[in-house]
Amino acid sequence: MVEHGGGDRDRAQHARQRRADRIKRFTECQRHIRGWINFAEIADWYADVRRNTTSRVDGRIEALELLKAAFLAGDFVEGGRSRVLYLHQATPKAKLRPDELQTAIDLRDDQIVLSEYLSHCWVPRDMFGRWLKKHCLEESPARFQPLTEESRKPRETSPPKRGAPLRNYIAEKVLPRMFPSGVPPRAKLSDKNLVHLVQEELAKEDIRASGDTILRAAKRRKK
């Protein structure tokens, strides 16, 4: 019986890893062709646009709230069907409907809705364009343009791999991306679960970090 349970867990883990790999390949592809745009990246861009009037964290939250409102209003529905992709390695589900998002809002903490639902949503490029126009934002931002052959060349810099630079990268880039309104307190998210989530996120960039490094970046442990 124990052996059977272990086999089930192994299969579930392998399925999760396969989904993570597919999502990583899809994400890399979309960085080139830009057929689909990710909500989390929209939030990063919006925060940069608003950097002179609001903090980066508040800018990201504002963008995700605007996207959430548009989603619930049916702005991303076409022909009676949701066009929103929902790509999360924890589930094989690939689409998200407005009513399903509303259920998550009703049952989940606001932070979870932002980090585990909205941040994993993608919309077609044309719908993103209509969203920009609706909110009087820059049309066709350069960040979301398909890459040319020249721009596809490897970047000179890459995320740091160890030490203080890695800790700073996690604190300034990774954690705000994962938790737009701040890292939840221990009562809601234990150190163990926080480390697990951040390590999964870093794995998408082929980065490894110890639990100690992550907890220090999250200011849950003294530097």
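Conditions tested, residue by residue: (1) closer than 24 Å to Ile23 by Cα; (2) modelled with pLDDT under 90.
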| position | (1), (2) |
| --- | --- |
| Arg125 | yes, no |
| Lys134 | no, no |
| Ala142 | yes, yes |
| Asp206 | yes, yes |
| Leu215 | no, no |
*What pairs come up if the first residue lies in the range 185-212 and is assigned by TED's automatic domain parsing to the domain that holds Arg167, the second is hydroxyl-bearing (Ser, Thr, Tyr), and their beta carbons are under 8 Å apart, counting only those six or more places apart or on different chains?*
Lys204/Thr27
*Condition check for Ala209: within 24 Å of Lys24 (Cβ to Cβ) and surrounded by 16 or more Cβ atoms within 10 Å (Cβ to Cβ)*: yes
*Which one is farthest from Asp110 (Cα to Cα), of the residues in the range 182-204 that are modelled with pLDDT under 85 and outside any helix (DSSP H, G or I)?*
Lys204
*Collect the residues in the range 167-193 that are surrounded by 14 or more Cβ atoms within 10 Å (Cβ to Cβ) and farther than 19 Å from Ile61 by Cβ, keeping them in residue-number order.*
Arg167, Tyr169, Ile170, Asp191
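The values are calculated or read from the model by the stated rules, or taken from the named source; none is laboratory data. In this text the structure is predicted, and so the values were computed from the model without any measurement. Glycine also receives a Cβ, built like all others from the backbone with ideal geometry; neighbour counts cover every protein chain displayed.
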